[in-house]
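One structure below.
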2 protein chains.
Amino acid sequence: MKKRVVITNDDGVYSIGLKLLRDSVLELSEAHIIAPETPKSSTGLGLTLHKPLRVMRLKLWGSEPIIAVSGTPSDIIHISIHLLNGKPDLVLSGVNVGDNTSLQVILSSGTVGAAMQAALLGIPSIAFSADVKSPDEFSKREYKKRISAVVKAISSYVLEKGIPKGYDLISVNFPSFIGRKTEVKITKPARIRFAQYTERRVDPQGNPYFWIYGKPTYPENGTDAYVVLVEKNISITPLSLNLTPCSAPKDEVESLRSEAERALSEGS
Amino acid sequence: MKKRVVITNDDGVYSIGLKLLRDSVLELSEAHIIAPETPKSSTGLGLTLHKPLRVMRLKLWGSEPIIAVSGTPSDIIHISIHLLNGKPDLVLSGVNVGDNTSLQVILSSGTVGAAMQAALLGIPSIAFSADVKSPDEFSKREYKKRISAVVKAISSYVLEKGIPKGYDLISVNFPSFIGRKTEVKITKPARIRFAQYTERRVDPQGNPYFWIYGKPTYPENGTDAYVVLVEKNISITPLSLNLTPCSAPKDEVESLRSEAERALSEGS
């Protein structure tokens, strides 16, 4: 039986990155594009629990309809299990317009968020992102061809063997140019990619409003951001949803706990 | 100089959980409530980058104005640094109506998301959540008093000594009842708290719409969810933003990488 792949993103149904992923895996599997009807960048693992979702069939590229959902990338993981009448064999998310490197970006990215949401449900998942400013870049013949080759190889590996042992999902970031000398490296996430700023402005009616924005910082050597943005190589970042450090002293945590317990008993 | 604490949540400015946190730390610090103008549950670390934010001063409880922001809890971390003209000494998020236990919930919670966003910027932060259905529960005298004692003790510890070494932030979950026998335990997050479902309905005009929702699952022994929901104890979960496993074999990741590199060179 043909395996089933769900393809989503956070840039919305009109991003050509979805088609790039579908074209890359068509020989391997059924490919279902189910994506947000409008851009949902920086929605992390956000879910829509306070209002219902709408689902719409569209024909955009080629003969296969694609499905637009009025929710977040993470919503779509749940909706897709419903629409497919069971879990898919693989979720591919992207190709995102803009890299998703560093913990700061990974944790708020809707593209990586969808892959994490899938991983929480035990579905193998891979997020793909590229250091480009516009989806038009995905139409450049050589760039598209090389991204497609890597997407196909990694998807094929995961469809056959699963996510590498000890990890929950994979995030892949492509540099702005891929040529003969481009290497593929395994990386860990940088911590920070942007310094955060807030700018206050005044609208024509005299009322203030605020933009939050980030300015890129120079990435630490050897991290995902360094490999993609400085070296211009392809980064494969296997991620684990653990949030527990590998080694941390127990004494400080224990004294925090005992102070809380003392306060509780004194207050009783 | 008095330390500065920013208090936020994902339930919005009208949740009495904000006042509970402020009242708990007033003896320790300046306390600035800066919270979303409307509920922003399940927004994770989501940021609002595609539209500007509005900021509004309100008087709700007592004489100190509180600040409502038209964005997410994570937006508010950035806005608060602007409004305070520098980083606060501590961010407290909550007290959330509903527990935030398990990785599944932690990663999509706006309350914990705000604390994670603060941690990424190097600001000590603590998320507080309670297994209650309504903010009215926070008005019950004994319950409020006990939560307040614990919030004060933990905040005081962190203001003085920082987040325990090796961790990035702390998430505290209160059970639905706190009495003389309630214990305080250090926990690790469960993986999953809800089994996810999607329900299809049809609106009065005959068009389908979908609700996604979760049904609680029985939590694994010893996890945050078990301690709070089954044992009815208080859980302190120190979290680390690492997303990298402590030990994972390198061979599978390496063969994935080499297949991607081979595909790239064959495609060139």
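Quick look at the numbers
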{"read-out": "Residues (open to solvent by less than 40 Å² (accessible area, probe 1.4 Å) and either at pLDDT below 95 or not hydrophobic (A, V, I, L, M, F, W, C) (or both)) located in the stretch A:120-155", "value": "A:124, A:125, A:129, A:131, A:134, A:143, A:146, A:148, A:155"}
{"read-out": "Verdict on residue A:229 being closer than 30 Å to residue B:80 by Cβ, touching a residue at least 60 places away in the same chain (Cβ under 8 Å) and at the interface with chain B (Cβ under 7 Å from one of its Cβ atoms)", "value": "no"}
{"read-out": "Filtered residue count, the stretch B:1-47, keeping only those that are open to solvent by 10 Å² or more (accessible area, probe 1.4 Å), in a loop (DSSP other than H, G, I, E, B) and charged (D, E, K, R)", "value": "6"}
{"read-out": "Only one of B:71, B:44 that is under 17 Å from the mean Cα position of the chain (by Cα) and without any contact (Cβ under 8 Å) to a residue 40 or more places away in the chain", "value": "B:71"}
{"read-out": "Selection from the stretch B:157-168 of residues that are open to solvent by less than 40 Å² (accessible area, probe 1.4 Å), under 19 Å from residue B:4 (Cβ atoms) and not hydrophobic (A, V, I, L, M, F, W, C)", "value": "B:157, B:162"}
{"read-out": "Pairs, first among the small types (Gly, Ala, Ser) in the stretch B:105-117, second in a helix (DSSP H, G or I), C-beta under 7 Å, six or more apart", "value": "B:108/A:74; B:110/B:73; B:113/B:73; B:113/B:74; B:114/B:73; B:114/B:74; B:114/B:76; B:114/B:77"}
{"read-out": "From A:248, A:263, residue being closer than 26 Å to residue B:192 by Cα and more than 22 Å from the chain's Cα centre (by Cα)", "value": "A:248"}
{"read-out": "Among (1) of a type in the set (Lys, Arg); (2) open to solvent by 30 Å² or more (accessible area, probe 1.4 Å); (3) within 21 Å of the chain's Cα centre (by Cα) - the single one residue A:59 does not satisfy", "value": "(3)"}
{"read-out": "Tally of residues being in contact with a Pro (Cβ under 8 Å, 6 or more places away or on another chain) and open to solvent by less than 10 Å² (accessible area, probe 1.4 Å) across the stretch A:76-102", "value": "7"}
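Let's see how each residue does on (1) touching a Pro at 6+ places or on another chain (Cβ under 9 Å); (2) among the polar types (S, T, N, Q):
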residue	(1), (2)
A:132	no, no
A:147	no, no
A:153	no, no
A:164	yes, no
A:176	no, yes
A:183	no, no
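Residue-wise test of (1) within 9 Å of chain A (Cβ to nearest Cβ); (2) of a type in the set (D, E, K, R).
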| position | (1), (2) |
| --- | --- |
| B:141 | no, yes |
| B:150 | yes, no |
| B:164 | yes, no |
| B:191 | yes, yes |
| B:194 | no, no |
| B:199 | yes, yes |
| B:205 | no, no |
| B:208 | yes, no |
| B:219 | no, no |
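The values are calculated or read from the model by the stated rules, or taken from the named source; none is laboratory data. Values in this document were obtained by computation on a predicted structure and should not be read as measured data. Using ideal geometry, Cβ is built from the backbone for each residue, glycine included, and neighbour counts are taken over all protein chains shown. To get the accessible areas, we keep the full protein, side chains included, count just its heavy atoms, and leave off ligands, DNA and RNA. Shrake-Rupley method; radii C 1.70, N 1.55, O 1.52, S 1.80 Å.
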